[in-house]
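The values are calculated or read from the model by the stated rules, or taken from the named source; none is laboratory data. Because the structure is a prediction, the values reported are computed rather than measured. Counting neighbours? That spans all protein chains shown, and the Cβs are built from the backbone with ideal geometry, glycine included.
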């Protein structure tokens, strides 16, 4: 409808709508975060001062950090900073949040991207294989393994992998602790092998099962029968006729899992003491370092929103009805 | 002429899983044998469940769902394709034997351009190179009368009409120059005015390319136009097998005679059509400002009579029903019921106004809750409108079941345990339960087999004589209109082009559209297609 009234390409209209909604969402989330963090029990000043927390010292720190001002004005001040790209300074060590954040984010993205580069092709491929061998042994094996992977919590998988590849059959001789310097380099792939493997196992199953279900759903369609009656073999049918029509649901689950790779990485980073966003976030929560907690929260939310938006865009681009209107 | 296809004692089985019983095997096709020479067409005709599609697909060594070919031979050029390996069968499909499905709209991959799909099998089997195949596709698009053949193939399936898709699918089947094409009800889903074009295109293409064909349909009038031989099937058995002339002009079996004589009975129209129960006055309606659907629609329905609203898909006949029921308030005009205007929107109508106006739908299947028994389905309006409960309600349900000629034993069955005709009868009983004065019937028989549909129509007419209920009967089937209507409204592109007593509307002088519509309805006589096309051409030349 919108296309008729505005005369714009419907795809462009849809994209602009999505971007607008994403922006509003980020603002809304930032407010919820601010209020939520405010409601957390505990107090930075008391925590920071520890034994020496006299009432005067606490009041001094609160005044210094501007905590005596009303909530709304503090939020607006912080929001203004965020919108201009300044997340302020850490309360704990006075360092610029931006600087730390980007270093940590780069590390996390390095880990997540490495995991995604393996997880996405493997899971989509395995999904197609499972369809090809539907109700035969390979399908059952893939299904049981993926069910097992889904059923185990990620910290458990992490410890299993440490147990297997660090204790039973040690691979390489990497340092037990990963240095907190920037890691973005191919030479460091060995360093992140175990956490990346954990992440792959965690997200693989969901993506693979969704791929399988989406393609199986399409396999019921009349045009699959048409393809069969043209004498095409099963793998060609899956690749040329089923998969292209199953793209939308697959893109959606892939995007959700990519977001999870960035956001859900917290537990895995803690297990492997990996210097990424998750560690940074957890450390900040421990000492109630609010600017850092909020910055991490907004970045996590942003990753989720952007990836979901990309999924929507992908689904639109995969839909011939939208790409080639009558 | 050499024999191309020999089907010998073909037997096909399937495992069924009836509710409450152990799964067991049944035979859905029994000992079918026929021969097909090169360049000839055999028609398979029968009701749903007769096994005609199953036989057609067996020519491609294919069984739909859990269907298994359990016995017999399918000899193509003397070799039994049922004994081929999987690779051998794939080599036949799409190269020597091609298939045209009933619903081309569902049969095309929505994410792929038409030309790609049309040439896919031809190129895959190495019949010709890609460029040559695309050239042939363009040629076939032209032969089949598709608009702009050079450009047509670059479109996606959703960008062309249903009739065009059906022709594109025929082009896809013809592309590899196969020896045999199986047409599985290729025109059933089309409007009559489109059907005649597709039928002519298919016939022309078959003659042009000298391909043999198996043509499957439930419409004897259609098959009479296109085939050389006919096999009449019922419950998987061959009832009668002969040349088209013999079957149409001198059928030997009762069942064939029944199929041919369907709708021979025509009810005369009511002489007095002045006392109107329902009146539409200058109705305009739209789905949003960009989608106007009805333009100045007026018609009226006399008490105790039947008004047939006839038109093709998209003509606005179902929208008119939505306006009457209040689901779509009109932007202009009003609906007068029994002398007083009805509130335009459903939510403003009283319970009694709702009661007096009931509906029967095309898909009886989806119009019933599958988890309710027949007694619950029919009992619901009894409780809602009349507050009947318990013994009283059960008694009335039995009465209604007797009225629809089914009887009390059906009361505790679930919809899944009923046949198509029985389901529609239950829907009729549910409508009757409200004691309505008007029932809107939206294509109630078009999903049913001819003989079953005949029974449902007869029931509707008997009920009308008994209860004086009026019907607004929406249909695209002219034969049904002739059989049951008192008055007729012909709709086209949202307008009423013709309205009046049946005798006036269905007899000359005609307007252009009604003329085209009536001339497009296949008639059960040999050579009808050629005559109809010729008279159309003359009309076009005269304009």
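How many residues does the range B:284-320 contain that are part of a strand (DSSP E or B) and either within 14 Å of another protein chain (Cβ to nearest Cβ) or surrounded by 24 or more Cβ atoms within 10 Å (Cβ to Cβ) (or both)?
Adding up the residues that qualify gives 10.
So, in the range B:384-408, how many residues would count as being part of a loop (DSSP other than H, G, I, E, B) and over 32 Å from the mean Cα position of the chain (by Cα)?
3
Do we find a residue being at the interface with chain A (Cβ under 8 Å from one of its Cβ atoms), within 26 Å of residue B:313 (Cα to Cα) and assigned to a helix (DSSP H, G or I) anywhere in the range B:137-153?
no
Does the range B:186-217 hold any residues that are in contact with a strand residue (DSSP E or B) (Cβ under 8 Å, 6 or more places away or on another chain) and either surrounded by fewer than 20 Cβ atoms within 10 Å (Cβ to Cβ) or under 20 Å from residue B:149 (Cα atoms) (or both), and which are they?
Correct list: B:188, B:202, B:206.
Among the residues of the range B:450-460, is there at least one that is modelled with pLDDT of 90 or more and under 20 Å from residue B:354 (Cα atoms)?
no
Scan the range B:51-84 for residues that are within 14 Å of another protein chain (Cβ to nearest Cβ) and buried (at least 19 other Cβ atoms within 10 Å of the Cβ) and jot them down.
B:53, B:54, B:56, B:57, B:58, B:59, B:60, B:61, B:62, B:67, B:76, B:81
Checking the structure you have, find out if any residue of the range B:115-133 is under 29 Å from residue B:533 (Cα atoms) and either buried (at least 18 other Cβ atoms within 10 Å of the Cβ) or more than 9 Å from every other protein chain (Cβ to nearest Cβ) (or both).
Yes, the range B:115-133 contains a residue that is under 29 Å from residue B:533 (Cα atoms) and either buried (at least 18 other Cβ atoms within 10 Å of the Cβ) or more than 9 Å from every other protein chain (Cβ to nearest Cβ) (or both).
Would you mention how many residues in the range A:214-253 are closer than 30 Å to residue A:305 by Cβ and within 7 Å of another protein chain (Cβ to nearest Cβ)?
2
When you scan the range B:495-543, how many residues do you find that are closer than 19 Å to residue B:279 by Cβ and either assigned to a helix (DSSP H, G or I) or touching a residue at least 40 places away in the same chain (Cβ under 8 Å) (or both)?
Number of matching residues: 7.
Run down B:276, B:315 and say which single residue is within 19 Å of residue B:355 (Cα to Cα) and out of contact with any helix residue (DSSP H, G or I) (no Cβ under 7 Å at 6 or more places or on another chain).
Within the list B:276, B:315, the selection yields B:276.
Give the residues of the range B:93-111 that are facing chain A (nearest Cβ under 7 Å) and buried (at least 20 other Cβ atoms within 10 Å of the Cβ), sorted by residue number.
Result: B:93, B:94, B:95, B:99, B:101, B:107, B:108, B:109, B:111.
Name the residues in the range B:154-165 that are assigned to a loop (DSSP other than H, G, I, E, B) and modelled with pLDDT of 90 or more, would you?
Of everything in the range B:154-165, those that are assigned to a loop (DSSP other than H, G, I, E, B) and modelled with pLDDT of 90 or more turn out to be B:154, B:155, B:156.
Being over 16 Å from the mean Cα position of the chain (by Cα) and within 14 Å of another protein chain (Cβ to nearest Cβ) narrows it down to one of A:273, A:315, so name that one.
Unique residue meeting the criteria: A:315.
Taking the range B:420-443 as the region of interest, how many residues are assigned to a strand (DSSP E or B) and under 9 Å from residue B:358 (Cβ atoms)?
Of the residues in the range B:420-443, 3 are assigned to a strand (DSSP E or B) and under 9 Å from residue B:358 (Cβ atoms).
Under 6 Å between Cβ atoms, at least 6 apart or on separate chains: pull out the pairs that start in the range B:6-30 with a residue that is without any contact (Cβ under 8 Å) to a residue 24 or more places away in the chain and end on any residue that is assigned to a strand (DSSP E or B) and buried (at least 17 other Cβ atoms within 10 Å of the Cβ).
Pairs found: B:25/B:13.
Residue-by-condition table, conditions (1) surrounded by 16 or more Cβ atoms within 10 Å (Cβ to Cβ); (2) closer than 23 Å to residue A:298 by Cα; (3) touching a helix residue (DSSP H, G or I) at 6+ places or on another chain (Cβ under 6 Å); (4) in contact (Cβ under 8 Å) with a residue 12 or more places away in the chain:
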residue	(1), (2), (3), (4)
A:55	no, no, no, no
A:76	no, yes, no, no
A:87	yes, yes, yes, yes
A:108	yes, yes, yes, yes
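Of the residues that make up the range B:376-383, is at least one within 29 Å of the chain's Cα centre (by Cα) and crowded, with 18+ Cβ neighbours inside 10 Å?
Taking every residue of the range B:376-383 in turn, at least one turns out to be within 29 Å of the chain's Cα centre (by Cα) and crowded, with 18+ Cβ neighbours inside 10 Å.
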